[in-house]
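Heads up, the thing below is written out as structure tokens.
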Amino acid sequence: MSAEPDELIALPFIIVVGIALVAAVWIGGSGGDVSWISDVVQALALPAIIVGLLLAAGAALINAL
């Protein structure tokens, strides 16, 4: 059972967004300020996509061997 390249590319981004959602619910539920969370997601989105591309390239390389 191997992951498709599309899944590997999206996986780090999904993790970043998921952690941000959990943090927003947790901090916002306690009455805290959640305005910084969108800035964190925007800052981490591009690195997450780059990591996903590297994962997909690594998987393609391993499959080619």
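The values are calculated or read from the model by the stated rules, or taken from the named source; none is laboratory data. Predicted, not measured: the structure shown is a model, and the values here were computed from it. For the accessible areas, the whole protein counts, side chains as well, though only heavy atoms, and no ligand, DNA or RNA atoms are used. Shrake-Rupley method; radii C 1.70, N 1.55, O 1.52, S 1.80 Å.
On the protein heavy atoms, probe 1.4 angstrom, tell me the percent of accessible surface of the chain carried by carbon and sulfur.
Values: 3630 of 4840 Å².
Using a 1.4 Å probe with all protein chains present, the chain comes out at 75 percent carbon and sulfur.
For ALA24 and ASP39 in the same chain, what is the full-extension length gain: residue separation times 0.36 nm, less their Cα-Cα distance, in nm?
4.2 nm
How long is the gain from ALA64 to ALA10 if the chain were fully straight, where each residue apart is worth 0.36 nm and the alpha carbon distance is subtracted?
17.3 nm
Tabulate in residue order the Karplus-calculated ³J(HN,Hα) for the stretch 32-44, using 6.51 cos²θ - 1.76 cosθ + 1.60 with θ = phi - 60°, rounded to whole Hz; enter x for Gly and Pro.
With the stated coefficients, the stretch 32-44 comes to x, 8, 10, 5, 7, 5, 5, 5, 5, 4, 5, 6, 9 Hz.
Which values, in whole Å and largest first, are the semi-axes of the equivalent ellipsoid of the chain obtained as the square root of 5 times each eigenvalue of the Cα gyration tensor?
Numbers: eigenvalues 200, 26, 6 Å².
Its equivalent ellipsoid spans semi-axes of 32, 11, 5 Å.
If one takes the longest principal axis of the Cα atoms in the chain, at what angle in degrees, from 0 to 90 and to the nearest 10, does the Cα axis of helix 5-29 lie?
Between helix and principal axis, roughly 10 degrees.
Enter the accessible area per residue of the stretch 9-65 (Å², integer; probe 1.4 Å; all protein chains in place).
Per-residue value: 71 Å².
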